[in-house]
Structure formats: C-alpha cells, structure tokens
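The values are calculated or read from the model by the stated rules, or taken from the named source; none is laboratory data. Everything quoted here is computed from the prediction, not taken from an experiment. We work out accessible area using only protein heavy atoms, side chains counted, and drop any ligands, DNA or RNA first. Shrake-Rupley method; radii C 1.70, N 1.55, O 1.52, S 1.80 Å.
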Amino acid sequence: MSSGQESVFPEYETETSQTAKLLRKFKETPFVPVGMAGFAVVVGYGLYKLKHRGDMKMSLHLIHMRVAAQGFVVGALACGVLYSMFREHVMKPKE
C-alpha cells in the first residue's frame, strides 16, 4: 500500500501484533476458542483411549471420536450464537 492512500480499515491496521488481533477476536466471539479447546480435548482423549479400546474396531472408535468432537464444536458455536443473540436483543439498552 502506498503512503498516499488512506487505509480502508484503519481500526484493523492499528494493531500490529498478531497476538493482539487474536485476543481481540477471542473477546468478540468467546465461544470459538472454547470450541477449539474442546475439540483438542476430545481428540487427545480419543488418542489416549485408542490404546485401550479393547476389541472395538478401529473404524468404529474413530467414528465415535469424530462425532464427539464435532458435537462439542457445534454445541459451543450454538451457545455462542445464543449468547450473542441474548446480548444484542435482551441486554440491548432501550433507544
């Protein structure tokens, strides 16, 4: 971008640090990192249980872990949508 042009999104370019941008996004949508962390926990637990699955077939174990991980992420995102709707429509000050 040349120095003669003005910025299209000045509020995004003032933060130079990637960490600052990431923290800002986490504050705007708090349930996304919760969903990501839950996904990582389910995957970690699934890998741990993979060793002790007994006589369960590998494909069945992987299907169960995939459904659990997807369920956690979808649940976290649904909670985030409900939270944002509550914040915008119920907690919104009367104009």
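If 61, 89 are ordered by their accessible area, calculated over protein heavy atoms with a 1.4 Å probe, which sequence runs from highest to lowest?
89, 61
Pairs of lysines 8 or more apart, or on different chains, with alpha carbons under 25 Å: count those in region 14-95, would you?
Step by step, the pairs that qualify in region 14-95 add up to 4.
Taking a 1.4 Å probe, which of 24, 87 shows the most accessible area, and what order do the others take after it?
Listed by decreasing accessible area, they come as 87, 24.
What does the accessible area of residue 82 come to, in Å² to the nearest 10, when a probe of 1.4 Å is used?
110
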